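All of the numbers you see were taken from the coordinates with simple rules; none came from a lab. Every value quoted in this text rests on a predicted model; they were computed, and no experiment measured them. Because the Cβ atoms are built from the backbone with ideal geometry, glycine has one as well, and the counts that use them run over all protein chains shown.
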Amino acid sequence: MTAIELRGVTKEFPGVTAVSDLDLTVEEGEVYGFLGPNGAGKSTTIDMVLDFVRPTEGTVTVLGRDATVDSVEIRRRTGVLPDGFSVYERLSGRKHVEFAIESKEVDVDPDAVLERVGLREDADRKAGDYSKGMRQRLALGMALVGEPDLLILDEPSSGLDPAGVKDMREIVTAEADRGATVFFSSHVLAQVEAVCDRVGILRAGELVAEDSIEGLREAVGDGETLEVTVDAATDDVLDAVRAVEGVDRVDADGDTLLVSCDPGVKTRVIAAAEDAGAVVDDFHTSEASLEDLFLAYTEGEGVPTRREDAGTTTDESAVRSEGVDG
Amino acid sequence: MSLLAVANKDFQDTVRSRGMALLVALFSLLVAVFAYVVRPQGQADQFATELLLSAFVGPVLVTGLVPLVGVVVGYNAVSGERESGSLKLLLSLPHSRADVVFGKVLGRGAALALATFAGFLLPALVLIVVPVTFNAGSFLGYTVFAAALGVVFVAIAVGCSAAVATRQRALIAGIGVYALFVLLWGLFTGRVIGAFSGPVEALPVSMAQIRTFLDVANPTSGIEVLANGFLADQLFSGESANQQVSAVAMLVFWTLAPPLAGLLKFDRDDL
C-alpha cells in the first residue's frame, strides 16, 4: 500500500495556481523529503493531504483512504507537525500533549513524550512563553503521540538551533526504524540528505525531479568545480577558458575562476588561463554540494556551480509566510 | 470522544484568559451595587430579592450585558484560531470540523456559565450572611437563566466565527446579532408587523399571536418570559405556559442553528 498518493492534483487559488497537475507517490515505510523553495507549493500540497484545503482537480489518497472523505480516520493514524501554526498561549506544554493524547484516544504518558522532545523541564510553563524552537518541539511531541503510521512534518527544522535540528533528525530516523512513513518538507536540502530514502523537488507547483540523493546527483552531472585563483580574471581569460573543450560553464568570483568541467580537462583549463596571460596563484577542485544540486533544479540552471554559502542549515522563520505557501 | 476533547481544551483555555477574571469581577460588582440600591430601609428586614432581579439585575445585567459577553466570548472561537494558526494544530489531530465548532460551543458556553455563576455567587454569599431575609432560591435559580442566555449567545457568536475567515468579520457579525436582538428588536419587529398588517389579516393567525411569537423568537425576551415565570412561581404553568414552551424551543433553535449554519460554510472552506 502507498502512504500518500496524489494523482493529477491541481490547486487553484484566486489568481494563482499553487499546484499544477501533480503526481506524487510516497511508499509505505520510506522517508520522503519534499523539497522546493518557499512558495513552490509544498505547504499547499501538504494542506491537501491533511484536508485543510481541497484540490481543484485530481485525487489525494492517504493510507489507502480518500483525503477529504476519510480525513478524521487518516489523522487518527497520522502525526502532523504543521507549518505556520501557533500554540495555545495560556495552556502549558503538558496540557498540549494531554490534549493530543485525549484527541487520539490513546494511553500514553505525557511526560515520556515531553522527555523525548526535550521539554520535560518546561512542561508546566505556559506554551505562550516558549521560544520558536520549543514550540516546534512541542508540536513534534504532539505529532509523535500514539505511534502514528505516517508522520507529516512541514518545515520541521524551522526555528530550531543546530542541536534541535540534530534531535529532529534522530527522531525522524527512530520513527522510520519503527516502521513509520515519514514525509517532510524543507527548503534546505542539507537537512534531508542524511535521512531521506527519496526526495522530490517541487518548483512552481510542479514536481521537477524525484529520485534518491545519489540518483539526483548523477542526473545533474558529476558536479565538480575547479577553482582557479589568478592575478586578474579578465574577460580574455574567461573567454579562453570557456573555449576549452569539456568546460560547461565559467564564472568569476573576484579573481577566482569557478569552472565547471569534465574531470579530464583540468590541466588544459589551467594552461588556457596561463596562455591568455593570467598568472595562476592557486587552484583546487570541489565537489558540488547538495545545495548546488538543489539550486540547479529550483532555479532551472543546467549545471550546478559552487556557492560560497552552500549548505547553510540555519533557517529563517521570516520567509515562511509566502502567499502560495501559507 | 473528539467533541468533548475539543470542548475540554477550549474550556481550559478560556477560563485561563484574563477576560474571564474581569468578567467575574464585573458581574460581582454590578450585582453588589444593585443589591446595595435595593437594600432594606428602616424597619423593614425583608430584602426584595425579586425586585432586585426583575428590576435591576434582569434588564441591565442579564438581557443587556450577558448577551454582549456571550458574543465577546464566542466571536473568536474559530476565526481567532484560524487567524493565529492554532487551528492547524487543532485540525492536525483527529477532529472533524463539526467537532471543532460544537466542541467550542460547549467549551466556551461552559466557561461563560461558570463565570456567570461565580459572578452572581459572590454577592449572594454576602447577602446570605447579612441579617436580612434573602430569597437565595430565586436568586440562584435566576442565575441559571442568565447563564443559559449567555450560552445561546456564545452559540450564535461561534456560528458567526465559523462562517467567516477573520476575527474582525466575526466580531462585526457578532455585534450585529447583539444589536438586532438587544437594541433594535422592538423597532425591527414593529416594522415587520406594520409592513405585513395587510397580508396577516388573510392568514389564520391574529396580530397578537404574531407578537407573541416575535417575543419568544428573540432569545433575550424568551429568557425574560421564562425567568419571570420562574420568579412568579409559574414556570411551565399558569397563563403563559404555552409561551414558555415556545421560548424554550426557540432557545434550543438559537443554540443549534447558528453553529450548524456556520459549520456548513466552514466545512467547505480552504483554511
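Using R0 = 41 Å, the C-beta based FRET efficiency linking A:Asp111 and B:Leu183 works out to 0.20. Amide hydrogen proximity for A:Gly58: with H placed 1.01 Å from N in the peptide plane, the residues at 5 or more positions away or on another chain lying under 5 Å are A:Thr10. Rounded to the nearest 500, the 222 nm mean residue ellipticity of the protein assembly as shown from helices alone is -16000 deg cm²/dmol, with -39,500 (n - 2.57) taken per DSSP H run of at least 4 residues.
Extending 7 Å from Cα along the Cβ direction at B:Val144 and again at B:Leu235 yields two label points whose distance is 0.3 nm. For chain B, the membrane-span-like helix rule (DSSP H, alpha carbon extent of at least 27 Å along the helix axis, mean Kyte-Doolittle at least 1.0) picks out B:18-37, B:97-129, B:136-163; this says nothing about an actual membrane.
With the Kirkwood sum run over all distinct C-alpha pairs, chain B has a hydrodynamic radius of 19.8 Å. One equal scatterer on each Cα of the range B:142-271, no solvent, Debye formula: the resulting log10 I(q)/I(0) at q = 0.09, 0.11, 0.15, 0.21 Å⁻¹ is -0.32, -0.47, -0.82, -1.20. The distance separating the Cα centre of the range A:120-147 from that of the range A:158-227 comes to 24 Å. Remark on A:Arg249: its backbone amide H falls under 5 Å from those of A:Ser260, a criterion applied only to residues 5 or more positions apart or on other chains, H modelled at 1.01 Å from N. The ranking of A:His284, A:His187 from fewest to most other beta carbons within 10 Å of each one's beta carbon is A:His284, A:His187.
May I have the convex hull volume per residue, in Å³, for the Cα set of the range A:4-140? Display every interim value, and only then the final one.
Values: hull volume 18.6 nm³, N = 137.
Output value, Cα hull per residue: 136 Å³.
The H on the amide N of A:Ile4, modeled in the peptide plane, is under 5 Å from the matching H of A:Val26, A:Leu63, each at least 5 residues off or on a different chain.
Shown here: the protein assembly as shown, whose C-alpha atoms stretch 118, 60, 48 Å along the first, second and third principal axes, sorted largest to smallest.
Placing dummy labels 7 Å off each Cα toward the beta-carbon, the span from B:Leu51 to B:Leu264 is 5.0 nm. Net length available on complete extension from A:Arg7 to A:Glu27 is 5.8 nm, with 0.36 nm assigned per residue and the Cα-Cα distance removed.
For the range B:236-252, list residues with backbone N below 16 Å from a point placed 7 Å from the Cα of B:Val205 toward its Cβ? Only B:242-251 pass the distance filter. Working from the alpha-carbon coordinates of the range B:1-113, get Rg over Rh, Rh being the Kirkwood radius. Rg/Rh: 1.17.
Here the Karplus curve 6.51 cos²θ - 1.76 cosθ + 1.60, taken at θ = phi - 60°, turns the phi angles of the range A:10-24 into couplings of 10, 10, 10, 9, x, x, 8, 9, 7, 9, 10, 6, 8, 10, 8 Hz, with x standing for Gly and Pro.
Compactness check for chain A: Cα Rg over 2.2 N^0.38 Å is 1.17.
Can you tell me the length gained on complete extension of the stretch A:Arg125 to A:Glu214, counting 0.36 nm per residue apart and subtracting the Cα distance? List each step's numbers first, then the result.
Details: separation 89, 0.36 × 89 = 32.04 nm, distance 4.43 nm.
So the extension gain works out to 27.6 nm.
Only the Cβ atoms of Lys and Arg (+1) and of Asp and Glu (-1) were treated as charged; on that basis the dipole of the range B:106-230 about its Cα centre amounts to roughly 360 debye. Beta-bridge orientation, chain A: approximately 70 percent antiparallel, per DSSP, counting only bridges with both partners inside. In this simple spin-label approximation, A:Asp231 and B:Leu271 carry label points 7 Å from Cα along the Cα→Cβ vector, and these lie 6.7 nm apart. Once the Cβ-Cβ distance of A:Arg242 and A:Glu206 is raised to the sixth power relative to R0 = 45 Å, the FRET efficiency obtained is 0.90.
The relative contact order of chain B comes to 26 percent, based on Cα pairs under 8 Å that sit 6 or more residues apart.
Dipole magnitude for the protein assembly as shown: about 4860 debye, using +1 per Lys or Arg Cβ and -1 per Asp or Glu Cβ, origin at the Cα centre. Across the range A:92-98, rounded Karplus estimates of 3J(HN,Hα) from the backbone phi angles (6.51 cos²θ - 1.76 cosθ + 1.60, θ = phi - 60°) give 6, x, 5, 4, 4, 5, 4 Hz, Gly and Pro being marked x.
Cross-linked pairs A:Lys42/A:Lys104; A:Lys42/A:Lys166; A:Lys95/B:Lys104; A:Lys132/B:Lys265; A:Lys166/B:Lys104; B:Lys104/B:Lys265: Cα-Cα separations exceed 28 Å for A:Lys132/B:Lys265; A:Lys166/B:Lys104. In plain terms, the C-alpha convex hull of the range A:102-196 casts an average shadow of 6.2 nm² when viewed from every direction.
For a quick check, take a GNM of chain A with Cα springs below 10 Å and name the residue from A:Glu147, A:Glu121, A:Glu210 with the largest mean-square fluctuation. Checking each option, the largest mean-square fluctuation is seen for A:Glu121.
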